[in-house]
Amino acid sequence: MKTTDSRLQAGSFGSWQMTRRDLLGGLAAAAVAAALPFPAHAQAGSQSSGTAQAIADHFSGVTTMQGEFVQFGPRGEQTGGRFFIERPGKMRFNYEDPSPMRVIADGRNVAIGNVKLKTWDLYPLSKTPLTLLLANKIDLSAGMVRGVKEEPDLTTIALGNRTIFGTSLITMMFDPKTYDLRQWTITDNQGKNTSVMIFNVKTGVNFDESVFRIPYSDIHNVNGRDR
C-alpha cells in the first residue's frame with residue numbers, strides 16, 4: 001500500500017512513550033480527524049449503500065492479514081511496528097525498538113505486555129474496542145454502526161460500543177476502489193483519538209498458533225477476568 005505521509009518516508013517514529021490504556025484504547029489509524037465524529041443522527045440505516053456494505057463484507061472476508069503500522073497517540077506520540085490479524089478475534093502488535101510493548105488478542109482476551117519488564121495486563125476481548133475490528137462480520141444494519149461516509153477516495157465506517165474503557169468509537173477507512181483497509185481510529189469517551197496507519201499489507205497468510213499465544217502463566221494483573 002502506498003502512502004505519501006512524510007513521517008513514513010523519513011522512517012522516524014518519534015516517541016514511544018504510551019500508556020497501556022493508550023495502546024488498547026488506541027490501536028487505531030492515521031489522524032484523519034475530518035472523518036470524526038459522525039453526528040448522532042448519521043445512522044447507517046439511512047447512510048449506507050450497497051457499496052459500503054460490499055466493502056464491509058470484503059473486509060469481513062479477509063480472514064488473515066499482516067503488515068506494518070505507524071501509531072499516532074492522542075498526545076502526538078508516535079511509534080511503529082508489525083501487526084498480525086486472524087479473524088475472528090486474534091491480533092498481535094509488535095512495537096519496534098526501543099518500545100518493549102506487545103499487544104496480543106487470542107480470541108478470548110487481550111493482553112498488553114512489557115517484554116523487558118515481563119509485566120502484562122489482561123482484558124476480555126469482548127469488553128474492548130478491538131472486538132469490533134476483529135468481528136466475523138460487519139453488518140451495517142446493526143445498532144453498533146454509528147455512521148457511514150462515502151467520498152470519491154475514501155469510504156469511512158464508524159462503529160461504537162460500550163467497553164471497560166467507556167463508550168468507544170472505532171472508525172475504519174477503506175479504499176473505495178480496492179476495498180482495502182487503509183487505517184482505523186479509535187476515539188475514547190473523552191474524545192481523544194489514537195490512530196494506526198497500515199501499509200505493506202499481505203492477506204491470506206498462514207500463521208503459526210504461537211503468534212497469538214498469550215503467556216497466561218506470566219500474567220498477574222487481570223482486568224475483567226476471563227482466562
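If we scan the range 197-220, do we find a residue that is at pLDDT below 85, among the hydroxyl-bearing types (Ser, Thr, Tyr), within 30 Å of Val115 (Cβ to Cβ) and assigned to a strand (DSSP E or B)?
Start the filter on the range 197-220 by keeping residues that are at pLDDT below 85, which leaves 218-220.
Narrowing further to those that are among the hydroxyl-bearing types (Ser, Thr, Tyr): none.
For the range 197-220, residues at pLDDT below 85, among the hydroxyl-bearing types (Ser, Thr, Tyr), within 30 Å of Val115 (Cβ to Cβ) and assigned to a strand (DSSP E or B): absent.
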* Asked: Are any of the residues in the range 128-150 among the polar types (S, T, N, Q), over 15 Å from the mean Cα position of the chain (by Cα) and over 24 Å from Gly67 (Cα atoms)?
  -> yes
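Are there any strands (runs of 3 or more DSSP E) wholly within the range 72-168 with 1 or more residues that are among the basic types (Lys, Arg) and either more than 24 Å from Val201 (Cβ to Cβ) or without any contact (Cβ under 8 Å) to a residue 24 or more places away in the chain (or both), and if so which? Don't jump to the end; show me each part of the working.
Working: elements: 78-86, 90-95, 101-106, 109-114, 119-124, 145-151, 154-163.
Because the criterion is at least 1 residues that are among the basic types (Lys, Arg) and either more than 24 Å from Val201 (Cβ to Cβ) or without any contact (Cβ under 8 Å) to a residue 24 or more places away in the chain (or both), the strands (runs of 3 or more DSSP E) in the range 72-168 that meet it are 78-86, 101-106, 145-151, 154-163.
The values are calculated or read from the model by the stated rules, or taken from the named source; none is laboratory data. What you see is a predicted model; the values in this text were computed from it and never measured. Note that we place each Cβ from the backbone using ideal geometry, even for glycine, and neighbour counts take in every protein chain shown.
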